[in-house]
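In what follows, a single structure is set out as structure tokens and then discussed.
The values are calculated or read from the model by the stated rules, or taken from the named source; none is laboratory data. Nothing here was measured: the structure is a model prediction, and the numbers come from that model. No Cβ is skipped: glycine too gets one built from the backbone with ideal geometry, and neighbour counts run over all protein chains shown.
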Amino acid sequence: MRGTLRHEVIHGVFQSAPTGNGTGEAQMMNAIQGLRRTWIGAIALLLTIPAAAHHSTRMYDLENTVALKGTIKAFHWTNPHCWIELRVSRANGEEAWILQMGPPTKLYRDDWRPLTLKPGDAIIALIHPMRDGTRRGLWISGTGVDGKPVG
């Protein structure tokens, strides 16, 4: 019968589709599939926004490089970023610095391993310091006190 409506549930939604030669049903299915693709694309796009915000380096002064000579307190091989706890001796005492590195997968590709740095190792670290002056920094590179590259 041309011109009548058939009611059915499509993907959990009650739909009315014209019956007859099938073109109405095909159009409705195409519209539903298009809507589903749009929602999946929008969700995928929204999920990438936190990742971009998380990996921001705005907190670091990328125009300034500081050399820190110190001793490793701890080397944290962990996701999402590896970290170095560095003790730096100053005339007025010891300073504790936290240095952010890349993720373990990137460090591994650069020949780093979880035991590359051990507590007590002396290094000279080049970092980008925090803009607010706190004792934290973004790792650029480092050498042992013998001048050999670390990592």
Only one of (1) surrounded by 11 or more Cβ atoms within 10 Å (Cβ to Cβ); (2) basic (Lys, Arg); (3) under 17 Å from residue 66 (Cβ atoms) is not met by residue 106, so which one is it?
(3)
Mind checking whether some residue in the range 16-27 is touching a Leu at 6+ places or on another chain (Cβ under 7 Å) and modelled with pLDDT of 80 or more?
no
Out of the range 117-148, which residues are over 15 Å from residue 97 (Cβ atoms) and either at pLDDT below 95 or loosely packed, with under 14 Cβ neighbours inside 10 Å (or both)?
118, 120, 131, 141, 144, 145, 146, 147, 148
Quick one: is residue 80 modelled with pLDDT under 95 and either part of a loop (DSSP other than H, G, I, E, B) or in contact with a helix residue (DSSP H, G or I) (Cβ under 6 Å, 6 or more places away or on another chain) (or both)?
yes
For residue 65, all conditions in the list (1) modelled with pLDDT of 75 or more; (2) surrounded by fewer than 10 Cβ atoms within 10 Å (Cβ to Cβ) hold save one; what is the number of the exception?
(2)
